[in-house]
Structure formats: structure tokens, C-alpha cells
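Please see the structure below; I have some questions.
The values are calculated or read from the model by the stated rules, or taken from the named source; none is laboratory data. On a predicted model such as this, the values are computed, not experimentally measured, just so you know. Glycine gets a Cβ as well: all are built from the backbone with ideal geometry, and neighbour counts include every protein chain shown.
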Amino acid sequence: MGLKDFFKNRRLKKVKLKKPPISYNGQGHDLKQAPKISDDELCALWVKCQGCNELLYLSTLKKNNSICKHCDFHHRLSAEERIELITDYGTFLSINDNIIPDDPLKFTDVKPYKKRLEDAQKTTKTKEAIVTGIGNINGYIAGVASMEFQFIGGSMGSVVGEKLTRLVEVAIKKRLPLIIVSSSGGARMHEGILSLMQMAKTSSALKDFHEANLLYISILTEPTFGGVTASFAMLGDIIIAEPRARIGFAGRRVIEETIRQKLPKEFQTAEYLLENGQIDMIVHRNGLKNTLSDLLRLHLTNHNNATSKDVFKQISKEHLLIKI
Ligand SMILES: [Zn+2]
């Protein structure tokens, strides 16, 4: 039963009550006179847990970092919520915001790619499927990137690859550790070969980063798939996943149809990957920030008391103002 049906049934049950309920001042009130709330408005206040199907009040869920209090399922966070979660308040400064996507192939599927981009920009209030910048994590400065799944499935187009590459270059130049939070369906088919090229570009930039002996922590969240898993997401020095996050390359159904075998129930979950040595640890969202700052402290080589604002000032204007 969908949320709309649930609220409709509940309202009908209330109207059928014989005695009107007593209000706070002792007088009965007529439910028919009560201000009407539309089904859409009610649905916007509640969500169904993807883990246990319980109805959750949205505001309570948000207060608990979008973790279900019944089954501990970690629901998706927007890029902004993720940055708020892991960085110190007011320290995150985004860079390369002016890089905007284009439609080089004039691609159209159900609707034109340009229209799809405009819709995604309106819904998510971001220009692309990734936010990059510099921020402090419990006082430790780092380059931080977070993907926005609501933006065309967090797919990696040329802007996502470019913003990531530039962030890696800034991190090398300023000798900063790097934290990338992935949540993506893979490469963006609307940009064809240009999106596939981002796999090589980001991997190449991370090779330079690795050779500079700097720390890269990759965080995999529900879901991380396709070209993102096949490139930067799995290249971390330390790879962390959230509990029960689905991580893989091709989807489960596609693999089952190809190999004509039933896959294990836990296949492509964070727990399965940890058991098989593909990731280093699973960290609960409420402990993620402290785990990150512990790792940064352990790997700190040349801490110079710089803050994100100091480093931001040093980044040259061409990093902030270039458009592609
Ligand atoms: Zn739940």
C-alpha cells in the first residue's frame, strides 16, 4: 500500500468515528470543519523506510542523520547534507562552482538532455552531480567531494570528472588529504564517450596524488555503481562503506541473467565486500566524522595549523572562475 492510500484509509476511518473527539478546551470539534491537508502534503511529511517499510516522520528522520530508528537503515543524503555531516560548521568552502554542464551530443531520450539538466538543477539546487571544496573535519583540513544522487542518478559526466580532477590537483598543490563520498549509478550515457573518458582522467589524477604520498579516503554510500566504482571510488588508500550500502559494477539482475546463476542474498552489499576484502571498513554514519578525523590525525605528516579559509585564499583565481 502506497503512502497516499495509507493516509486516505486513515482519514476515512476517522470520519466514520461515531463520537467526535474532545479537543483541548473540552468542546467537541467537527472533523469536517478541520483544516484540510491534502494527501500530497501529508505524503511530503512522511517517508517509508527502505529497510523495514515503517512509516517515518521526515523531520525526525532528518534529525537522526536519515537513519531509521527501527532498523538502522541509512537513507540517502544529499551532497549538502553529507558535507554538513562530515565537516565542521561554517568551514566548508566550495570551489569550481562555475563549471557548468553542456550538451555536446545534442542527446535526446525521453526528453532532451538539456531539459533533464535544467530539471535536475532546479530539484537539487546544484549545478552538477558533485560538490567539491575544502573543509575542516574536527579541525583537520582536507579536500572534500560529495556526489548528489538526485542529480540524474549521481551520474559521472564531463563536469563531474573535471571538478574531481581539479580538486585532486588542488589537494596535491596544497598537500591536503582527500575525502570523496560516492553515490552514483555510473557514467552518464547522455554524454557518450566523454563521460567514459572521465574514468581515465580521474584515475590518472589520483595516480599523481598517490605518487605525492598523500592520503585519499574513499567513502562508498548507497548506491555506488558502474563507472564510478570502476574508477576513483575504488582507488582509495582507505575505502570506507556505510552499512548495507549496495556497491558493484553491473546490477544484480544483469549479472544473474548473464551467468544464469542465482547470486548470494548479500551479494553487492558493503558487508559482502568487506568479507571478501574489497573494502577496509564499514562505519556507522553517526561515527563517520570522528573516524575520518582519527584517520587524518594518524596519517598527518606536515600539519601546519592551516585552516580551510587560509588555503582557500591561496587557491588561484583560475581555479575558481574557469568555465568549460
Ligand atoms: Zn527501517
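Can you work out which of the residues in the stretch 48-91 that are among the hydroxyl-bearing types (Ser, Thr, Tyr) and in contact with a strand residue (DSSP E or B) (Cβ under 9 Å, 6 or more places away or on another chain) is surrounded by the most Cβ atoms within 10 Å (Cβ to Cβ)?
Selected residue: THR87.
Now a separate question. Test each condition in (1) within 16 Å of the ligand (Cβ to nearest atom); (2) without any contact (Cβ under 8 Å) to a residue 24 or more places away in the chain; (3) in a loop (DSSP other than H, G, I, E, B) for ARG76 and report the one that comes out false.
With respect to (1) within 16 Å of the ligand (Cβ to nearest atom); (2) without any contact (Cβ under 8 Å) to a residue 24 or more places away in the chain; (3) in a loop (DSSP other than H, G, I, E, B), ARG76 is out only on (2).
Within the stretch 182-201, is even one residue touching a Phe, Trp or Tyr at 6+ places or on another chain (Cβ under 6 Å), under 16 Å from ILE240 (Cα atoms), in the same structural domain as LEU93 (by TED's automatic domain parsing) and surrounded by 22 or more Cβ atoms within 10 Å (Cβ to Cβ)?
Yes, the stretch 182-201 has at least one match.
I'd like to check something: does the stretch 130-153 contain any residue that is modelled with pLDDT under 95, assigned to a helix (DSSP H, G or I), of a type outside the set (Val, Ile, Thr) and closer than 26 Å to LEU296 by Cβ?
No.
Please go through the stretch 262-283 and give me each residue that is of a type in the set (Gly, Ala, Ser) and in a loop (DSSP other than H, G, I, E, B), ordered by number.
GLY277
Mind counting the residues in the stretch 40-67 that are closer than 12 Å to ASN286 by Cα and either within 8 Å of the ligand (Cβ to nearest atom) or of a type outside the set (A, V, I, L, M) (or both)?
4
For (1) modelled with pLDDT under 95; (2) part of a helix (DSSP H, G or I); (3) in the same structural domain as LEU194 (by TED's automatic domain parsing), each residue gets a yes or a no:
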{"residue": "CYS71", "(1), (2), (3)": "no, no, no"}
{"residue": "GLU84", "(1), (2), (3)": "no, yes, yes"}
{"residue": "ASN98", "(1), (2), (3)": "yes, no, yes"}
{"residue": "LYS127", "(1), (2), (3)": "yes, no, yes"}
